[in-house]
Amino acid sequence: MAACKSVSKMNSTIRCLNGCCKCVVAAPSHPRFFQVALSRCVSTDGGNGDPPKFQPPPKPVMIDKSKTEASHRRFLSPEFIPPRQRTNPFKFAIERKDMIQRRKIIDIPEFYVGSVLAVVMADVYASGKSNRFVGICTQRSGKGLGATFVLRNIIDGQGVEICYDLYSPRIQQIEVLKFEKRLDDNLMYLRDALPEYSTFDFDMKAMPPPLPGAEVPINQQKVKMKPRPWSKRWERSRFNIKGIPFELYFTEEELTHAKKWDTPWVEYDMLKEYDTSNVEKHIWTEVQRELSK
């Protein structure tokens, strides 16, 4: 229907002379309100006699602000995956229940070998009944409730390493100060490296974590070693070290001699490792379900 060309004021209402029943509104007393009411009268007419099409509001996005960004990352701690030579699966199922109950009491964050952590542990002999240690994670080992991790730091020129039980009831807090990986899964060779690679301030501030879904940052740094002899022959292939520039400490003849102990067929041994994707998916679903209760 065409726009209303004229209106008449009748019985405190505004009505189109064309007799449009949709264009009846209460007559306003102020002239400005009269113009607004008339514009609404014209806008309700779509040009073909039909009302305007309903536009639904956008769907709201529900965000749980009680959870941190790190909690949205799909990560299964390696101690939940049972070893290949497991002889009693029921034992690991019972241990998982205890591990989940422990995680409901204390927040065990995601961290890797190479991350800098701060651990607060109960200590009856300390002045505040607790002890805080800061260091770089050099090793993670063990399965189930026997999972452990090692922190290393240089204090007064002396290397100090502390091995923590991940699910120990004495641990009060685990804080990730620097979240990253290294080139190697074991950094025990830092014992033979320069002290600067293992020195961290106890008052170090925590760096912001990566965004949810982002890749874990990998530190490509290669360390400088002390003069030989070292505690172990890190150049041997069984250690598979990538974080040491061996060409700076060995001649070509020595590196060729070290390759005599290479075992290139191990990476093609299908019986040494097994596919844990289905196991991880099942355990991850179980852990998330139990933690949400």
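The values are calculated or read from the model by the stated rules, or taken from the named source; none is laboratory data. As the structure is a prediction and not an experimental result, all values here were calculated from the model. Glycine gets a Cβ as well: all are built from the backbone with ideal geometry, and neighbour counts include every protein chain shown. Heads up: the accessible areas ignore ligands, DNA and RNA and are worked out on the full protein's heavy atoms, side chains in. Shrake-Rupley method; radii C 1.70, N 1.55, O 1.52, S 1.80 Å.
Give the residues of region 196-248 that are out of contact with any Lys or Arg (no Cβ under 6 Å at 6 or more places or on another chain) and not in a loop (DSSP other than H, G, I, E, B), sorted by residue number.
E196, Y197, M225, F246, E247, L248
Each row is one residue, and each column tells you yes or no for (1) free of Cβ contacts under 8 Å to residues at least 24 places away in the same chain; (2) out of contact with any Leu (no Cβ under 7 Å at 6 or more places or on another chain); (3) not polar (S, T, N, Q).
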{"site": "I162", "(1), (2), (3)": "no, no, yes"}
{"site": "I171", "(1), (2), (3)": "no, yes, yes"}
{"site": "I174", "(1), (2), (3)": "no, no, yes"}
{"site": "K181", "(1), (2), (3)": "no, yes, yes"}
{"site": "D185", "(1), (2), (3)": "no, yes, yes"}
{"site": "K205", "(1), (2), (3)": "no, yes, yes"}
{"site": "M225", "(1), (2), (3)": "no, yes, yes"}
{"site": "S231", "(1), (2), (3)": "no, yes, no"}
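Any residue in region 109-126 that is at pLDDT 95 or above, closer than 30 Å to L194 by Cα and among the charged types (D, E, K, R)?
No: zero hits.
Tally up the residues in region 187-203 that are in contact (Cβ under 8 Å) with a residue 40 or more places away in the chain, of a type in the set (A, V, I, L, M) and over 16 Å from Q139 (Cβ atoms), please.
Count: 0.
At pLDDT 95 or above, assigned to a loop (DSSP other than H, G, I, E, B) and closer than 30 Å to K104 by Cβ - does that describe any residue in region 149-159?
no
Is there a residue being under 22 Å from the mean Cα position of the chain (by Cα), open to solvent by less than 80 Å² (accessible area, probe 1.4 Å) and modelled with pLDDT under 70 anywhere in region 87-98? Spell out the reasoning first.
First, the residues of region 87-98 that are under 22 Å from the mean Cα position of the chain (by Cα): 96.
Restricting the remaining residues to those that are open to solvent by less than 80 Å² (accessible area, probe 1.4 Å) gives 96.
Next cut, modelled with pLDDT under 70 only: none.
There is no residue in region 87-98 that is under 22 Å from the mean Cα position of the chain (by Cα), open to solvent by less than 80 Å² (accessible area, probe 1.4 Å) and modelled with pLDDT under 70.
Residues in region 241-258: is at least one open to solvent by 90 Å² or more (accessible area, probe 1.4 Å), at pLDDT 90 or above and either under 26 Å from the mean Cα position of the chain (by Cα) or within 27 Å of P89 (Cα to Cα) (or both)?
Looking through region 241-258, at least one residue is open to solvent by 90 Å² or more (accessible area, probe 1.4 Å), at pLDDT 90 or above and either under 26 Å from the mean Cα position of the chain (by Cα) or within 27 Å of P89 (Cα to Cα) (or both).
Quick one: in region 124-148, which of the residues that are touching a residue at least 40 places away in the same chain (Cβ under 8 Å) and assigned to a loop (DSSP other than H, G, I, E, B) is most open to solvent (accessible area, probe 1.4 Å)?
K143
Could you list, in sequence order, the residues of region 160-172 that are open to solvent by less than 50 Å² (accessible area, probe 1.4 Å), of a type outside the set (S, T, Y) and not in a strand (DSSP E or B)?
Answer for region 160-172, where residues must be open to solvent by less than 50 Å² (accessible area, probe 1.4 Å), of a type outside the set (S, T, Y) and not in a strand (DSSP E or B): just L166.
Can you tell me which of (1) without any contact (Cβ under 8 Å) to a residue 24 or more places away in the chain; (2) under 18 Å from M99 (Cβ atoms); (3) not in a loop (DSSP other than H, G, I, E, B) is the one W284 doesn't meet?
Of everything listed in (1) without any contact (Cβ under 8 Å) to a residue 24 or more places away in the chain; (2) under 18 Å from M99 (Cβ atoms); (3) not in a loop (DSSP other than H, G, I, E, B), W284 misses just condition (1).
This table checks each residue for (1) surrounded by 10 or more Cβ atoms within 10 Å (Cβ to Cβ); (2) in contact with a strand residue (DSSP E or B) (Cβ under 9 Å, 6 or more places away or on another chain); (3) charged (D, E, K, R).
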residue: K260; (1), (2), (3): no, no, yes
residue: W265; (1), (2), (3): no, no, no
residue: V279; (1), (2), (3): yes, no, no
residue: W284; (1), (2), (3): yes, no, no
